[in-house]
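Visitor: I have a structure I would like to understand better, so I am pasting it below and will then ask my questions one at a time.
Values in this text are rule-based calculations from the coordinates and carry no lab data. What you see is a predicted model, and the numbers here were worked out from it, not measured in a lab. Cβ placement follows ideal geometry from the backbone for every residue including glycine, while neighbour counts extend to all protein chains displayed.
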Amino acid sequence: MSDTDGDTALMIATLEGYVDVAKMLVEKGANVNAKNHKGFTALMHAGGKGYCKMIPFLVENGAIVNYKKEDGFTPLLVSSVNNQTNAVKVLLDNGANIEDRDSDGDSALLMASLKGFLGMAKVLVQNGANINTTNNNGFTSLMLACGADHSERARFLIDKGADVNATKQDGFTPLLLACLNQRLNTLSMLLQSKADVDAKNTRGETALMLACRAGRLPSEEEEDALSGLLAKSMGVVKDLFKEKEKKKGKPGSYEDMAAILLEHGASVEIANKEGSTPLMIACIGNKNILVHTLLQHKQDVEAKYHEGDTALLLACREGHPGIVKILLEYRAKVDEVCNNGFTALMVTSKKGNCEIASTLLDHGANVNSKKKDGFTPLLIACIYKEKSTVSVLLENKPDIDIKENEGKTALMLVAKERHEDIVEILLEHGASIDEKSNKGFTALMYASKKGHGNVISVLIQHGSDINAIEDDGFTPLMLAAINEQTDAALVLLKSNAKTDTQNKDSATALGLVCEKSSEDMTRLCRATMRALTPRITMALHLSSLLVLKDVKAY
């Protein structure tokens, strides 16, 4: 007979510590190894409650001392996780296996280490527990103690011979775990015990790098670059010790940890597998104090990430103006180029950070530096529609009409992309309005082809040649017509664009309009016809019909 939890009368007596009642029940034939719904036996109840007189009685009457539940728990493990030190002693005296593990691979000593039960740990070690055994995740007792900041517990384990440089499958050591979890006191103790200050995990990260990461776990993109094991481990480690934070004081700062690591000779030059140095990691995380500290320890400010980024380029990419200023104070090269040809000013122009752009320019950044494709900071700011950055760059007198490799100027790029406000800024600063690209296109032609009516109006108001001809003989009006940009064509017509100019195929704007059959183009055709005299209209119409089949698509 049992209660709703499946506990028999003997189990209930055991839970209450009623030894005499238990004896009576056993004499009446009670099964000492009966299990409740969760798989617990009377002996487990006795161990978990710490009833030391009950334990030997049950064992003497046939209780299985090393019985295992489905999750691997034994009476000894139940006693250990409940910090029942005396019960553990009694169980060990009665034949309990000290190295039994649960389904996670945790032994009694590993459980005591995670929980911070120093007295329990001492009893287990004194009774021969393997101090360097690992669970399924590769944690040793020392690792668990270090991660959870049980410094006294860690000290005991070290004194008893725990390996301070034991390594998990993902490369984490006690020192790396202490650093990841901000365990300042434990970190100092490990270093004093000759822990390898430059030990690396499988990603190539040292304790100093973890300190410079300042508690920032990998982003989704970074996790993709990590081995699955390491990415999972870093999350597991933080979760594993999270509950302990509630019972502890404020953890040591990452700045303090970095300082201690550097005092013990941590290398500032080691890079991880991605090529990141401690300085780069601190720059990405916007950690001003750490950046100062590393540079004071002669960290190479010009070291490059595997993509060719320096610390300065990374700080610009992340948008950290304070870090940029610090790096420049330490003489970072302002015009260093990464693998894709970007300088710091180009990166900033793309991101649109005016404060950083001004700082770089104040430190001599080349406002006309060029990538392999011919793009300059100004051209980059224009295509990314960074209006404020364009203004900052223009204040520093760049070559406003400089061209990228296809011959496009800044004005052409913004006209093509319909950035009307930047068009006006460039024109106010003297941009050449009718400069031509390699194909003979002007800014007005790009705007006409794309149908940007407002941009067309601005360009015409500033005197753009409305009848300019590109290399194949097309005018802005022809480009608008052939691309069915009705509104753009009407703007051009209202501004008296010529309709009788012929391209290389002898097609006129009217002919190009007539070849289109849409309602909008019919409306445009009528407007074009009204713009011509009847005699010229007829002549051009007949001419266009003759060449209509040969008009090439543009």
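Visitor: By the scheme Lys and Arg +1, Asp and Glu -1, what is the net charge of all other residues having a beta-carbon under 9 Å from that of residue 438? Please list the in-between numbers first.
Guide: Values: positive: 403, 408, 436, 439; negative: 406, 471.
Within the 9 Å Cβ shell, the charges total +2.
Visitor: Where does each of 506, 113 land when they are ranked from fewest to most other beta-carbon atoms within 10 angstrom? Could the numbers behind the result be given before it?
Guide: Numbers: 506 14, 113 32.
Result, fewest neighbours first: 506, 113.
Visitor: Can you put 455, 123 in order of Cβ neighbours within 10 angstrom, beginning with the fewest?
Guide: On the way: 455 27, 123 21.
The order, fewest Cβ neighbours first, is 123, 455.
Visitor: Along the charge dipole of the range 102-216, Cβ charges K/R +1 and D/E -1, which of 186, 107, 172 sits furthest on the positive end?
Guide: Result: 186.
Visitor: Find out how many positive minus negative residues lie around residue 325, taking Lys and Arg as positive, Asp and Glu as negative, among other residues whose Cβ is under 12 Å from that of residue 325. Write down the numbers at each step before the final one.
Guide: On the way: positive: none; negative: 329, 355, 362.
Around residue 325, the surrounding residues sum to -3.
Visitor: Once the range 1-97 is represented by equal point scatterers at the alpha-carbon sites, with solvent omitted, what log10 I(q)/I(0) does the Debye formula produce at q = 0.18 Å⁻¹?
Guide: -0.70
Visitor: Relative to the compact-globule scaling 2.2 N^0.38 Å, provide the ratio for the alpha-carbon radius of gyration of the range 250-366. It would help to have the intermediate numbers written out before the result.
Guide: Values: Rg = 14.0 Å, N = 117, 2.2 N^0.38 = 13.4 Å.
Output field value: 1.04.
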